[in-house]
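Encoded as structure tokens, the structure appears first; notes follow it.
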Amino acid sequence: SPSDPDLVERARAAKEKLGDKVFVLGHHYQRDEVIQFADVTGDSFKLARDAAARPEAEYIVFCGVHFMAESADILTSDDQKVVLPDLAAGCSMADMATAEQVAECWDVLTEAGIAEQVVPVSYMNSSADIKAFTGKHGGTICTSSNAKRALDWAFEQGEKVLFLPDQHLGRNTAVRDMGMSLDDCVVYNPHKPNGGLTADELRAAKMILWRGHCSVHGRFSLDSVDDVRARIPGVNVLVHPECKHEVVAAADYVGSTEYIIKTLEAAPAGSKWAIGTELNLVRRLANRFAPEGKEIVFLDKTVCFCSTMNRIDLPHLVWALESLAEGNLVNRIEVDPETEAFAKLALERMLALP
Ligand code: 13P
Ligand code: SF4
């Protein structure tokens, strides 16, 4: 829907008043009404790097979800303030791994006698606590655009990987990109004693996958791939690696949001695409590429927006920008120094991946 002209004008005026003091980052899943005010857009990897590359901005307004704002705070200097326009913009996947659960899991791995062989690899979509755990235990962070490189690195450091919190990204990367088999992977369920696994199962596994998933991408099904192929002959199916393994295995192309955009930019006129990722992005791409004769449809009509990404709307952005312009620091996201130190270690290992 078109944005309220009054709010558009207020956002523009507040941004102009703030000038170079503010830098607005927008994740690709944000609403159009918000994206129009982003100084840069990107996937979570690009935004993490972009946040770190703006030392002159006093305020980083992060239009995305909580874990992204935390990562920006960790990677920017202490006098830069990161603001999340709505504090309720969390991520259900990140919430699926708590610090207590992960500490308990490490005890289980220690009991099984394998903790020294295990390198944690945590998806960007995790809390600062989980990133700190990862840094403390010699591991790295990854995003959907560098998961293979992160796993390559981790298997140079140890024999096994504990992959947190997205089981699908972990499994898809291991099987699709690293040539492992499904049998090399086990799933650790934090709600069951010992993760629901025996010590022998843990010893035999190469990939220990945390039982977390994305509530949006987890809903794309193999049926939706079959249906779209039947409906649109010659369609290319392009999905995000947070989708289930069977969906990824049936797709033609798999990659991060940034990869999805680049692939469509390079696609020839007349090509047809079904995209399995968040709806705001798919709609924007469909509108952008329609004039070039590229037909882009959403992979599954029953899947909806990421509700927490959508919490950042124009009214929240206007409120945050106007508050900052009036000198009121609102909705600051600040990671405590000890957590930050270890989380930063893990994030810097990611940024240093070849
Ligand atoms: P990327 O932007 O890294 O592709 O991640 C998608 C996502 O779900 C972020 O929440
Ligand atoms: Fe989290 Fe999924 Fe939403 Fe991304 S799309 S923020 S992983 S719930």
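The values are calculated or read from the model by the stated rules, or taken from the named source; none is laboratory data. These figures come from a predicted structure and were not determined experimentally. Glycine gets a Cβ as well: all are built from the backbone with ideal geometry, and neighbour counts include every protein chain shown.
Here are the numbers:
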item	result
Segment 305-332: number of residues that are among the charged types (D, E, K, R), part of a loop (DSSP other than H, G, I, E, B) and farther than 15 Å from LYS17 by Cβ	1
Flag if LYS272 is away from ligand 1 (no atom under 16 Å from the Cβ), surrounded by 15 or more Cβ atoms within 10 Å (Cβ to Cβ) and charged (D, E, K, R)	yes
Hits in segment 75-109 (condition: β-branched (Val, Ile, Thr) and either modelled with pLDDT under 95 or within 25 Å of MET207 (Cα to Cα) (or both))	THR76, THR98, VAL102, VAL108
Helices (runs of 4 or more DSSP H) lying entirely in segment 1-107 (those with 2 or more residues that are β-branched (Val, Ile, Thr))	32-35
Identity of the residue in segment 33-74, farther than 20 Å from LEU321 by Cβ and away from ligand 1 (no atom under 14 Å from the Cβ), that ends up modelled with the highest pLDDT	ILE74
Sole exception among (1) in contact with a strand residue (DSSP E or B) (Cβ under 7 Å, 6 or more places away or on another chain); (2) among the basic types (Lys, Arg); (3) in contact (Cβ under 8 Å) with a residue 60 or more places away in the chain for LYS272, by number	(3)
Candidates LEU324, LEU345, LEU314 - the one that is of a type in the set (A, V, I, L, M) and closer than 20 Å to PHE45 by Cα	LEU345
Identity of the residue in segment 289-315, away from ligand 2 (no atom under 16 Å from the Cβ) and either surrounded by 23 or more Cβ atoms within 10 Å (Cβ to Cβ) or touching a residue at least 24 places away in the same chain (Cβ under 8 Å) (or both), that ends up nearest to VAL216 (Cα to Cα)	VAL297
Which numbered condition LYS148 fails, given (1) more than 16 Å from ligand 1 (Cβ to nearest atom); (2) within 19 Å of the chain's Cα centre (by Cα)	(1)
